[in-house]
Amino acid sequence: MSDRVVVTGAGVIASIGAGVEEFERNLFAGCSGVGPSPLMGGNAVAAEVRNFNPQPWLGNKGIRVLDRSARLLSVAAHMALGSTGLSQQEGDGDPDLGLVCGTMFGSVHSITSFDWSGITEGPNYVNPMEFPNTVINSPSGQAAIKHKLRGVNSTISAGLVSGLYAIHYAAEFLRFGRATALMAGGVEELCEESFLSFAKVGVISQRGCPQPFGPDRDGTVLGEGSALWMMETAAGAEARGAKAQLEVCGFGATQDAHDVTAFRVRGEGATSAIRQALRSAGIEPDAIGGIIAGASGSRAGDEMEVHALRNVFGDRLGRIPVCAPKSAYGEAMGASGALGALTAGLALAKGFVPPTAGYHANNAGLMLSSQPQALNKEYALVNCFGCDGNNAALVLKGLN
Amino acid sequence: MRRVVITGMGLVTPIGTGRAMFWERLTAGANGIGPVQSFDTTGYSAHLGAEVKDFDPSEHVRTRPPEALGRGSQLAVAAARMALEDSGVDLTARDRYRIGVSMGTTSGEPQMVERYNDARKAGGLESVSADILPKYPCNVIPSHVAVEFDLHGPCLMIPTACAAGNYAIGYGFDMIRTGRTDMMLAGGADSFSRITYSGFARLGAIAPERCQPFDKHRKGMVPGEGSAMLVLEPLEDAIARGATIYAEVLGYGVSCDAHHMTAAHPQGDGAIRAMAMALKDSRKTTGDVDYISAHGTGTPTNDRVEAIAVRTLFAERAPKIPMSSIKSMIGHTMGAASAIEAVACSLALHTGVIPPTMNFTEPDEGSDLDYVPNQARKTDPQIVLNNAYAFGGNNASLCLARVQ
């Protein structure tokens, strides 16, 4: 249980880029993927993976039966495997290589379509080929088949913080010796059902412009995508000569137990999650050199995060560079935590916290910027908070 | 690392509610399967279901109007309330940030998708009320449990389909033994759904008359619903407060077939590796196991593969290990199934009686395994394995023991 867990590779597909290189370039250039959403149609605005075609990564074989989530996840897995030389192109696949995937709505669109055909055409006309896509774990099951991942396979759902839970879950499994290498992160697709879930309760930005921590922010813009890390024990990575880029060293999670549809603005639970993450990493707040915020432009959610950060960091908060990357890749729901963790890892590797796309102002005294900001310490904090009361925080250490 | 024990159990099942009623009926071979009542199955190719009948959520959901919760959440809150009462723990004296909720499910709140589709079929998208879809994401179920009992620790759903209950209990076990939390409510929930039902019916997987796991004449599974929640805590805490200890969680294993979304690997590759990992995690060997709670859905293929897996891993010892499937009585309660079966395993360890496989007439040709046919048996098991397999090739085995 004492072994350290490290990150040796990554894969990502999001509105601002496919592949870590393109994602990083656009993130650090301050680009945003928020714009008109062909997928949602009409005047809808989202951070969509536009013109998504999995074929360049996955080929043609077996793609037809995969829904959008399974395709996004399989593409991210393809990239993560390739980045670490663990692709399973031949043989039966590795029984010690697995996948842990966070998701919020999972395959809701596939489920809804399947049910729709049942109630409009009759129960005997549902397509049995589509039934496997109706289970919430279908993306990770499909990706496991596609990439011959025979080890631990798990799907984690904790709403908007699912991605961070998945990373923590994988780290625990590696420490317990139940796997030697696990891809972990999240996936979420944009679809009518998830979109309406947010839109009908009025939390989507009417201006179509998320302004995390902005004084006149008016709501969230949804995003989609998938991000996965390849995680291994430090000893395992060293033994096979893989370069460890980051250490996953602290995690904290709490539930506000207050209401499943509203933030607890004073942020007691969020504060406790961040403190737990620092404590389990064995560090003091002073050691944090950069913060990747969970803020998405939500009036209540962003206010809660400011309270929590203020509670933990006190007056020093104004001197810690902060990035709120959801103005770039949107509130990607179950993938958000994984995208945030990936962002933090890139920041530690580069020695700079990325800019916050479209940043103008904040009145919370946070060190946000439209330009990259120097990150001079070894550790970064990733936050993720959900309006269902779930709070999670992750602490990472750069290994340059 | 800390040892972890089970000190409270609550359930809502097709054969009864609460630990005592469930166990009395389970060991008597009760039947919870009958014609589907919650929707009209005219036009379906199947008609049997294992539904929870006469369930009144208002007895259990006390902090909010019960109708604010989906049925999956209602069942889970009810099971959680009974588990907490069964454990005798005094929550008022506890640090709520040290108590978490870990659950499993196959479909979460699928009735919200049904309501959404019914509404848009009747009146278009405009007529869909705003409160339906936010109740769908499956993690609202453990969140509702946390709200009901004011629990502030880690709270998540592990939706690994029909193996999910074992995954969730396993995660709860990990959280306590590493000291991240001091108590976990762990289990699973699923509600009866026309979506799941029409899928299994279309696959031709539903039994026409009865559920007969491992029987030569078995014709299918029976979709069901229910919830079980277990209170997990460190052994020292349980002893200190004088709690009844039903069983100890020794370890668990998970694997993936990576073979097919709905069909098990023909040689039981993933099932074998999950059982082997559970034993290794528990520091036990195949020679230590003296009861297996089978996944045993009753479909021709799944049961054959599970028997092959057990025969392969346990070799010549396999026929000496009693193995039963309670799905013969309660149907397949999906994500709740392995949590309900974990309760059955715990009570088998606690009482010394193992539940039977009902509706058993004769074994497959060449099969020499002991399926505990039609009658509960007093065997005083010490170490048991609880198997669960799922769509997506997700397999999970949990190892439980009588506390030594």
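Below are the figures for this structure:
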| item | result |
| --- | --- |
| In the stretch A:214-236, residue nearest to the chain's Cα centre (by Cα) [restricted to those that are surrounded by fewer than 24 Cβ atoms within 10 Å (Cβ to Cβ) and within 26 Å of A:Glu172 (Cβ to Cβ)] | A:Thr233 |
| Every residue from the stretch B:214-264 that is within 20 Å of B:Pro356 (Cβ to Cβ) and β-branched (Val, Ile, Thr) | B:Val222 |
| Selected residue [more than 22 Å from B:Glu67 (Cα to Cα) and surrounded by 22 or more Cβ atoms within 10 Å (Cβ to Cβ)] from B:Gly108, B:Gly88, B:Gly153 | B:Gly153 |
| Selection within the stretch B:349-367 - within 20 Å of B:Ala318 (Cβ to Cβ) and modelled with pLDDT of 95 or more | B:Ile354, B:Pro355, B:Pro356, B:Thr357, B:Phe360, B:Glu362, B:Pro363, B:Asp364 |
| Selection from the stretch B:126-142 of residues that are more than 7 Å from chain A (Cβ to nearest Cβ), crowded, with 20+ Cβ neighbours inside 10 Å and over 12 Å from B:Val113 (Cα atoms) | B:Ile141, B:Pro142 |
| Identity of the residue in the stretch A:1-47, of a type in the set (S, T, N, Q) and at pLDDT 95 or above, that ends up nearest to the chain's Cα centre (by Cα) | A:Ser15 |
| Residue in the stretch B:234-243 that is within 25 Å of B:Leu369 (Cα to Cα), touching a strand residue (DSSP E or B) at 6+ places or on another chain (Cβ under 7 Å) and crowded, with 19+ Cβ neighbours inside 10 Å present | no |
| Answer residue from the stretch B:163-187, given it is out of contact with any Ser or Thr (no Cβ under 7 Å at 6 or more places or on another chain) and among the aliphatic types (A, V, I, L, M) and is nearest to B:Arg81 (Cα to Cα) among those | B:Leu185 |
| Answer from B:Ala164, B:Ala186 - the residue that is part of a helix (DSSP H, G or I), hydrophobic (A, V, I, L, M, F, W, C), more than 7 Å from every other protein chain (Cβ to nearest Cβ) and crowded, with 24+ Cβ neighbours inside 10 Å | B:Ala164 |
| The one condition in (1) crowded, with 23+ Cβ neighbours inside 10 Å; (2) in contact with a Phe, Trp or Tyr (Cβ under 8 Å, 6 or more places away or on another chain) that B:Thr286 fails to fulfil | (1) |
| Filtered residue count, the stretch B:287-345, keeping only those that are small (Gly, Ala, Ser), over 30 Å from B:Leu156 (Cβ atoms) and in a loop (DSSP other than H, G, I, E, B) | 1 |
| Residue ID - nearest to B:Thr196 (Cα to Cα), chosen from residues in the stretch B:26-40 that are in contact (Cβ under 8 Å) with a residue 24 or more places away in the chain and not hydrophobic (A, V, I, L, M, F, W, C) | B:Ser38 |
| A:Gly185, sole failed condition from (1) part of a helix (DSSP H, G or I); (2) in contact (Cβ under 8 Å) with a residue 24 or more places away in the chain; (3) crowded, with 24+ Cβ neighbours inside 10 Å | (1) |
| Given (1) more than 7 Å from chain B (Cβ to nearest Cβ); (2) among the β-branched types (Val, Ile, Thr); (3) not in a helix (DSSP H, G or I), index of the condition A:Ile156 fails | (1) |
| Selected residue (criterion: farthest from B:His259 (Cα to Cα)) from residues of the stretch A:121-143 that are more than 7 Å from chain B (Cβ to nearest Cβ), in a helix (DSSP H, G or I) and not hydrophobic (A, V, I, L, M, F, W, C) | A:Glu121 |
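The values are calculated or read from the model by the stated rules, or taken from the named source; none is laboratory data. Since this is a predicted model, take the numbers as computed values, not measurements. A quick note on method: Cβ atoms are made from the backbone with ideal geometry, for glycine too, and the neighbour counts reach across all protein chains shown.
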